[in-house]
Amino acid sequence: MGLKKGEILHIPDKIPLKPDEQPTIDVFASVIEPKLTNTLVKKLSKIAPMENYRHIKRVWKKKKKSVEEGEGGRDFQLVLILCLAGENGLLPDDVAELINAHQLSPFIAKVHKYAAVTKEEWIEQCKLWPTSFHPPTYNIEGITGFNEEDSESVFHFMKMALEMTEVGGEGVVNAAVIVDPSVKQVIATANDQTCQAISASIVDDGNEESYSGVACLYPWNWTEQNFVAAGNIDCSWHPLRHAALVAIEQASSRDKRLYPAGSECFEDQSIDQEDGTMPKRQKVDLVKDEKVMKAACSNGGASEGGERPYLCTGYDIFVAWEPCTMCAMALVHQRIRRIFYAFPNPNCGALGSVYRLQGEKSLNHHYAVFRVLLPEEVSSKA
Ligand SMILES: [Zn+2]
């Protein structure tokens, strides 16, 4: 039986542009004699610096097509960017002077306005004019690829989350698994506890509707529920108990159990506000508080079995559906390292579908986000 290979796709911080649709700007360029390169580059960096376009290479060693060969015996020519071409299409006086002095023949060339975010963008850019490419500044394992062992572990935990999405024939809900990747150990597992599984079973007709129990997909569904008709509702059920939040709660109780001496350290730190916004002052205070708490807990908070983890620092979370904004913000506060989801959330997805919280510069923590396409054998079950 041939199996489709699984894939782990990084969801970048910014909306990726189609490689061939990236915006360009016009510049004046000229072919130059190699021996003039240093002199000209030095002068131009003073009279026409391109500070906002550091990704653009000033000199292009352009390979000639074989038919053009012969001129000076070289199979390349050097092309230099003289300056940006302003809206009026005129050369600045000092650049014009330099052109006259060295008998250059300026022409207009197009270069890419923004630095490439992905390798694909970069390859496309270099067809027009060479640029430099720096992958994301924060270095989180996996962004540049997973080795076979890590991929297998990612597929394994995602499979675990997907298997938890079905609740005893009552429909499908979201599920979350928090993992410590350093030891490949499950820290917490949970699914939605928002009563929606009950309504899901009522509307289940085999199409999209059967996902109406997934809290992150339909965060407002509970307002339409008939609580009286639904009957025996456990007190652990609540409209805001989305799978990720319940998993965070589980992780926190685990901490309290394993590190009782420091249990007072992290009271009520899991969720700040349901819409994820915080007044500025409160945010500053929180950061300060965290520092104080971190210090307090490292001074004897840990009992046996190593140091007490700081919230979910260093942990990964696997969720079946892309988290909503509330869950995604809670995971920022928890200092989660990486988020893996299997299905996008076109209604309320905060990590690629509707918003991109992972690229929000004003936040004080950033995680890396991945979409997992499971190997066929596994995904056909979901
Ligand atoms: Zn949610």
Gained length - HIS156 relative to ARG257, 0.36 nm times residue gap less alpha-carbon distance: 33.7 nm
Where labels lie 7 Å past Cα in the beta-carbon direction, separation of LYS65 and LYS42 in nm: 3.7 nm
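Given Cβ point charges of +1 (Lys, Arg) and -1 (Asp, Glu) and nothing else, what value in debye, to the nearest 20, does the dipole of the range 1-115 about its Cα centre take? Provide the component values of the computation, followed by the final result.
Working: 19 positive and 15 negative charges, 117 e Å.
So the dipole magnitude of the range 1-115 works out to roughly 560 debye.
What order, most packed first, do the peptides 153-161, 79-87 have when packing is the mean number of other Cβ atoms within 10 Å of each residue? Mind dumping the intermediate values first?
Working: 153-161: 20.9, 79-87: 17.6.
Descending packing order for the listed peptides: 153-161, 79-87.
R0 = 25 Å: FRET efficiency of GLU376 with LYS184, Cβ-based, nearest 0.05? Mind dumping the intermediate values first?
Details: r = 24 Å, r/R0 = 0.94.
FRET efficiency, GLU376 to LYS184: 0.60.
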Point-to-point label distance, LYS119-ALA101, nm (Cα→Cβ direction, 7 Å offset): 4.3 nm
Bins of 5 Å, starting at 0 and running to the largest distance - Cα pair percent for the range 23-113: 3, 13, 25, 25, 18, 10, 5, 1
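Each value in this text was obtained by applying a stated rule to the coordinates, not by laboratory testing. What you are looking at is a predicted structure, and each value in this text was computed from that prediction instead of being measured. Counting neighbours? That spans all protein chains shown, and the Cβs are built from the backbone with ideal geometry, glycine included.
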